[in-house]
Structures are given as structure tokens and as C-alpha cells.
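J.: Quick one: the structure is below, questions incoming.
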Amino acid sequence: MPGDFFPWYNGWDRSGEASPSGVCISHPEGDIKMVSTYSEPVVSTYYNNTSPDESGNYWKVNWTETQSGYGVTEAGSSGSPLFDASGNIVGSLTGGQASCSSPGQPDFYGKFSYSWTSNGDDSTRQLKYWLDPANTGVLSLKGTDFDTAGFYADFSADAEWITPGEAVVFNSNSSGNIVRYQWLFPGGDPGTYTGEIPPPVRYGSVGSFDVKLTITNNSEDTDVKLKKAFIKVTPGVFPNPTSGKAIIFFGKEGADLENATIYAYDITGRKINFFAKATDDGAGLVVDLSTLRRGMYLLRIVSNGNTRVVKVIVSK
């Protein structure tokens with residue numbers, strides 16, 4: 001292949017799940033590249049059969065009219081790929097009745113999942129031999145241009161500050177032709193996970209915890225993203241006891257601190273005055289009880305109709 005070519009290698013999905021929407025790209029009648037769109041889920045069936053059948057080895061597709069009209073298929077389109085909404089191939093065109101004169105008729109695509117191993121044992125009759133020679137068991141693979149500069153690991157979380165017992169949802173923002181994901185969650189449950197999107201990770205102990213993601217591509221190259229002390233698990237109030245100042249953490253539940261009303265009471269129920277402000281990152285509320293006597297106090301925070309009461313011990 002000439003060095004100045006920059007081809008894109010299509011991704012694929014062999015899970016066998018019905019795609020809710022997507023496109024086909026073909027050269028009908030040898031014409032320039034055309035795009036056909038479907039906006040309703042494909043239907044599992046057999047070739048030229050309009051009745052649904054989960055055991056079928058074809059996807060039945062009906063095309064949708066777009067701003068530029070119906071993008072159907074015609075002679076010469078056979079073998080063209082059917083893409084799902086994620087841009088992965090899920091089938092290849094065998095035939096059908098759709099045409100420019102009959103845009104409402106269906107087309108039939110051989111299932112990528114069926115062609116994986118079910119067409120025969122010979123290497124020329126199954127995709128698995130060529131697309132998963134290492135027997136990784138991968139169900140889908142994202143498309144790539146094999147630009148090694150674009151192969152990197154990264155991730156994000158729906159929260160970094162939480163309270164004990166809360167769970168964090170992690171999402172991979174990695175890029176490249178990735179075949180394996182390995183997560184490490186010290187202090188979390190689960191502590192490890194192999195896959196792109198891990199289940200919610202619950203933290204039961206107070207502390208700061210690292211998160212590590214290692215990705216691997218087809219060439220067994222790896223990239224690692226380690227975020228030190230990424231997840232901060234704090235008690236509801238810290239420090240407690242306090243010499244005067246303490247931070248109230250709201251965890252993932254959050255609080256509308258700008259519109260919150262805060263009251264403080266001593267052990268006898270007498271309302272007292274104090275100073276409070278939000279932390280710089282908005283994750284908590286700083287309360288200054290330094291003018292108060294030694295003892296236990298109750299703080300009542302009312303925000304958006306919800307009330308939270310915490311106990312703070314002042315020790316001097």
C-alpha cells in the first residue's frame with residue numbers, strides 16, 4: 001500500500017444484537033458511493049423471508065427516506081457492509097427487493113455474527129480465523145486508521161469526591177484499535193475488571209484511591225493511564241472532632257449550596273450563629289465553629305426541599 005494512503009479499517013460487531021439504526025454504503029449499479037439509511041431496528045430472519053425469526057442468519061432492513069430521498073441498493077451493491085449506529089459492520093448485502101422504483105421493499109444482509117464461525121470449519125468460510133486469530137473472544141472492535149499516535153488510554157468518572165458506601169461509574173475515553181481493557185480499583189469493589197465499561201465500583205472505606213487502566217491493541221502494544229488518589233472517599237464531616245473549622249461533604253448526592261439554608265443548634269436545641277461557605281470545587285461546605293464553646297452541635301442543611309442533619313463535635 002502506498003505510504004501516502006491513509007485507509008480506515010472498519011470496526012465490526014459479532015454480538016448478534018439487532019441494530020436499532022445505521023447505514024449501508026455501496027456503489028449501486030457501479031455508481032459513485034451512496035449511503036442508505038435505516039432508522040428502525042433490523043429484523044432477524046431468513047433470506048427473502050419477511051417474518052421475524054431469532055434463529056435466522058439474515059438481517060432484514062427497510063430503508064428510511066431522508067432529506068435527499070431514499071438511499072436504496074441496486075445491482076452492484078451486493079457484499080456492501082451494513083453499519084450499526086456505532087459505525088461497526090453487522091452484516092453484508094446478499095440481495096433484496098429494494099430499488100429506486102421500490103424504495104419501500106426490504107433488503108437482506110447476511111449476519112456478521114453468523115459468518116463468524118457458522119458458515120463452515122474451513123478458514124475461507126469463517127471470519128473468526130482472520131479477525132480473532134489469538135482467540136481473545138472479543139465481541140466487537142472499533143474502527144481504526146492504525147495511527148499509533150492515536151492509541152492511548154484515558155478514562156473519566158461521574159464523581160471524584162464521594163462518601164463511604166457510594167459507588168462511582170467509570171467510562172473509558174481511550175482511543176485506538178483496542179482489543180483488551182484491564183482496570184484496577186484499589187480499595188473498590190470490584191477491585192479489578194476486564195472489559196471496556198466496568199460496573200459501578202463501590203468504596204466502603206475512607207481514603208484516597210488510585211485508578212489504573214491498561215489497554216492493549218492487536219500488536220500487543222499497551223498504554224497505561226494511572227490517576228493517583230483519583231477517588232476521594234471522605235466521611236460526612238471532616239475533621240470531626242474539630243478545633244473550629246470542618247468540611248461537610250455531600251458526596252454524589254450533591255447540594256445546591258447557593259440556595260441552601262443552614263441552621264446550627266447546640267445540644268439544648270438553641271439556635272446559634274456561625275459562618276459557612278462552599279468549598280472551591282463545590283464538593284462540600286466549610287463551616288467555621290471556632291467561636292463556639294466545646295461540645296456537640298447539630299447542623300441542619302435544607303436544599304431543594306431535602307433536609308440533612310449532621311453532628312459536629314467542637315474540641316478545644
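J.: Specify which of the listed residues (E29, E40) is farther than 17 Å from V90 by Cβ and not small (G, A, S). Spell out the reasoning first.
T.: Values: E40 fails: farther than 17 Å from V90 by Cβ.
Result: E29 is the single residue among E29, E40 that is farther than 17 Å from V90 by Cβ and not small (G, A, S).
J.: Still on this structure: Given (1) crowded, with 17+ Cβ neighbours inside 10 Å; (2) β-branched (V, I, T); (3) part of a loop (DSSP other than H, G, I, E, B), identify the lone condition not met by I197.
T.: (1)
J.: Next question, about the same structure. Being over 21 Å from E74 (Cβ atoms) and out of contact with any strand residue (DSSP E or B) (no Cβ under 9 Å at 6 or more places or on another chain) is the filter; apply it to region 4-39 and report the residue that is modelled with the lowest pLDDT. Explain how you work it out, then say what you get.
T.: Step one: list which residues in region 4-39 are over 21 Å from E74 (Cβ atoms), which gives 4-21.
Still in the list and also out of contact with any strand residue (DSSP E or B) (no Cβ under 9 Å at 6 or more places or on another chain): 4-7.
Numbers: D4: 65, F5: 70, F6: 73, P7: 83.
Among them, the one singled out is D4.
J.: Something else: Return yes when I215 is within 30 Å of M296 (Cα to Cα) and assigned to a strand (DSSP E or B) and no when it is not.
T.: Details: within 30 Å of M296 (Cα to Cα): no; assigned to a strand (DSSP E or B): yes.
So I215 fails the test.
J.: Conditions: (1) among the basic types (K, R); (2) modelled with pLDDT of 85 or more; (3) over 33 Å from the mean Cα position of the chain (by Cα). K225 meets all but one. Number of the miss?
T.: (3)
J.: Within region 151-162, how many residues are among the hydroxyl-bearing types (S, T, Y) and either modelled with pLDDT of 90 or more or under 22 Å from G137 (Cβ atoms) (or both)?
T.: Pass one, region 151-162, residues among the hydroxyl-bearing types (S, T, Y): 152, 156.
Subsequent filtering for residues that are either modelled with pLDDT of 90 or more or under 22 Å from G137 (Cβ atoms) (or both) retains 156.
So the answer is 1.
J.: Which one is farthest from L285 (Cα to Cα) among residues in region 244-258 that are at pLDDT 80 or above and touching a Pro at 6+ places or on another chain (Cβ under 9 Å)? Show your work before the answer.
T.: Step one: of region 244-258, the residues at pLDDT 80 or above are 244-248.
Checking which are touching a Pro at 6+ places or on another chain (Cβ under 9 Å) leaves us with 245-247.
Working: K245: 10, A246: 8, I247: 5 Å.
Top of the filtered list is K245.
J.: So which of G120, G165, G191 is at pLDDT below 95, surrounded by fewer than 12 Cβ atoms within 10 Å (Cβ to Cβ) and not assigned by TED's automatic domain parsing to the domain that holds Y38? Break it down stepwise before answering.
T.: On the way: G120 fails: not assigned by TED's automatic domain parsing to the domain that holds Y38; G191 fails: at pLDDT below 95.
That would be G165, the only listed residue that is at pLDDT below 95, surrounded by fewer than 12 Cβ atoms within 10 Å (Cβ to Cβ) and not assigned by TED's automatic domain parsing to the domain that holds Y38.
J.: List every residue pair whose Cβ atoms lie under 7 Å apart, where the two residues are 6 or more positions apart in sequence or sit on different chains, the first residue falls within region 106-121 and is within 17 Å of E40 (Cβ to Cβ) and in contact (Cβ under 8 Å) with a residue 60 or more places away in the chain, and the second residue, located anywhere, is crowded, with 19+ Cβ neighbours inside 10 Å and aromatic (F, W, Y).
T.: F108/Y58; Y109/Y58; Y109/W59
J.: Surrounded by fewer than 17 Cβ atoms within 10 Å (Cβ to Cβ), among the aliphatic types (A, V, I, L, M), closer than 27 Å to P81 by Cα and touching a residue at least 12 places away in the same chain (Cβ under 8 Å): does that describe V138?
T.: On the way: surrounded by fewer than 17 Cβ atoms within 10 Å (Cβ to Cβ): yes; among the aliphatic types (A, V, I, L, M): yes; closer than 27 Å to P81 by Cα: yes; touching a residue at least 12 places away in the same chain (Cβ under 8 Å): yes.
Criteria met by V138.
J.: Now for a different question. Right, T94: over 27 Å from the mean Cα position of the chain (by Cα), part of a strand (DSSP E or B) and surrounded by fewer than 21 Cβ atoms within 10 Å (Cβ to Cβ) or not? Steps first, please.
T.: On the way: over 27 Å from the mean Cα position of the chain (by Cα): yes; part of a strand (DSSP E or B): yes; surrounded by fewer than 21 Cβ atoms within 10 Å (Cβ to Cβ): yes.
Considered against the rule, which asks whether it is over 27 Å from the mean Cα position of the chain (by Cα), part of a strand (DSSP E or B) and surrounded by fewer than 21 Cβ atoms within 10 Å (Cβ to Cβ), T94 comes out as yes.
J.: Sticking with this one: Could you please give the count of residues in region 115-147 that are within 33 Å of the chain's Cα centre (by Cα) and either farther than 30 Å from S175 by Cβ or polar (S, T, N, Q) (or both)? Let's see the steps before the verdict.
T.: Taking region 115-147 as the starting set, the residues that turn out to be within 33 Å of the chain's Cα centre (by Cα) are 115-119, 126-147.
From what is left, the residues that are either farther than 30 Å from S175 by Cβ or polar (S, T, N, Q) (or both) are 115, 117-119, 126, 135-136, 140, 144.
Of the residues in that region, 9 qualify.
J.: Still on this structure: Considering region 200-212 alone, what residues qualify as being out of contact with any Gly (no Cβ under 9 Å at 6 or more places or on another chain) and assigned to a loop (DSSP other than H, G, I, E, B)?
T.: Listed by number, the residues that qualify are P200, V206.
J.: Looking only at region 43-62, how many residues end up being touching a helix residue (DSSP H, G or I) at 6+ places or on another chain (Cβ under 9 Å) and over 14 Å from S92 (Cα atoms)?
T.: Within region 43-62, residues that are touching a helix residue (DSSP H, G or I) at 6+ places or on another chain (Cβ under 9 Å) and over 14 Å from S92 (Cα atoms) number 1.
J.: Now for a different question. If you check Y129 against the conditions, is it without any contact (Cβ under 8 Å) to a residue 40 or more places away in the chain and in contact with a helix residue (DSSP H, G or I) (Cβ under 7 Å, 6 or more places away or on another chain)?
T.: The answer is yes for Y129.
J.: Within region 154-194, how many residues turn out to be part of a strand (DSSP E or B) and acidic (D, E)?
T.: To start, the set of residues in region 154-194 that are part of a strand (DSSP E or B) comprises 155-157, 161-162, 167-168, 170-172, 175, 178-184, 188-189, 192-194.
Adding the requirement that they be acidic (D, E) leaves 189.
Total meeting the criteria: 1.
J.: Quick one: in region 259-286, of everything that is at pLDDT 70 or above, touching a strand residue (DSSP E or B) at 6+ places or on another chain (Cβ under 8 Å) and not in a strand (DSSP E or B), which residue is surrounded by the fewest Cβ atoms within 10 Å (Cβ to Cβ)? Can you show your working first?
T.: So in region 259-286, the residues at pLDDT 70 or above come out as 259-280, 284-286.
Then drop every residue that is not touching a strand residue (DSSP E or B) at 6+ places or on another chain (Cβ under 8 Å), which leaves 259-267, 271-279, 284-286.
Keeping just the survivors that are not in a strand (DSSP E or B) gives 259-260, 267, 273-274, 279.
Details: N259: 9, A260: 17, I267: 10, N273: 7, F274: 17, T279: 14.
Checked region 259-286; the qualifying residue surrounded by the fewest Cβ atoms within 10 Å (Cβ to Cβ) is N273.
J.: Next up: Which of the following residues is touching a strand residue (DSSP E or B) at 6+ places or on another chain (Cβ under 6 Å) and more than 30 Å from N48 (Cβ to Cβ): G191, G110, G195?
T.: Values: G191 fails: touching a strand residue (DSSP E or B) at 6+ places or on another chain (Cβ under 6 Å); G110 fails: more than 30 Å from N48 (Cβ to Cβ).
Answer to the selection: G195.
The values are calculated or read from the model by the stated rules, or taken from the named source; none is laboratory data. On a predicted model such as this, the values are computed, not experimentally measured, just so you know. Cβ sites come from the backbone with ideal geometry, for glycine too, and all protein chains shown count toward neighbours.
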